[in-house]
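Below: one structure, written as structure tokens.
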Amino acid sequence: LDEATEGLAPLIVEEIWRVIGLIRSSGLATMVVDRNYRKVMEQADRLVVLEKGRVVLEGDASQLREDPSQIHRYLGV
């Protein structure tokens, strides 16, 4: 999914993330690209961060959630 929630009403966005969670719990592999990296991190097993088309960070989502400094280096404001 590429930016599946962009520009949508908050209730629709919430529903899309709920469905993404259901898909994940079914065991089906998916790739989600979204600017809301916090929501992606909640659903992900692995994370890959690209900068200008190059991989700058890659790893197990649970480890990156425990040490968000790496994520904030590339995605923080």
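The values are calculated or read from the model by the stated rules, or taken from the named source; none is laboratory data. Here the structure is a predicted model, which is why all the values come from computation and not from measurement. Here the Cβ is made from the backbone with ideal geometry for all residues, glycine too, and neighbour counts use every protein chain on show. All accessible areas refer to the heavy atoms of the entire protein, side chains included, with ligands and DNA or RNA removed. Shrake-Rupley method; radii C 1.70, N 1.55, O 1.52, S 1.80 Å.
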Among Leu28, Leu8, the single one that is surrounded by fewer than 10 Cβ atoms within 10 Å (Cβ to Cβ) and farther than 23 Å from His72 by Cα is Leu28
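Do you know which of the residues in the stretch 47-77 that are open to solvent by less than 60 Å² (accessible area, probe 1.4 Å) and assigned to a helix (DSSP H, G or I) is farthest from Tyr37 (Cα to Cα)?
The selected residue is Ser62.
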query: Has the stretch 25-41 got any residue that is of a type in the set (S, T, N, Q) and in contact with a Lys or Arg (Cβ under 8 Å, 6 or more places away or on another chain)?
result: yes
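Out of curiosity, is Leu22 over 18 Å from Arg65 (Cα atoms) and surrounded by 12 or more Cβ atoms within 10 Å (Cβ to Cβ)?
Criteria not met by Leu22.
Would you please name the residue that is most open to solvent (accessible area, probe 1.4 Å), looking only at residues in the stretch 31-44 that are outside any loop (DSSP other than H, G, I, E, B) and not hydrophobic (A, V, I, L, M, F, W, C)?
Here the residue is Arg38.
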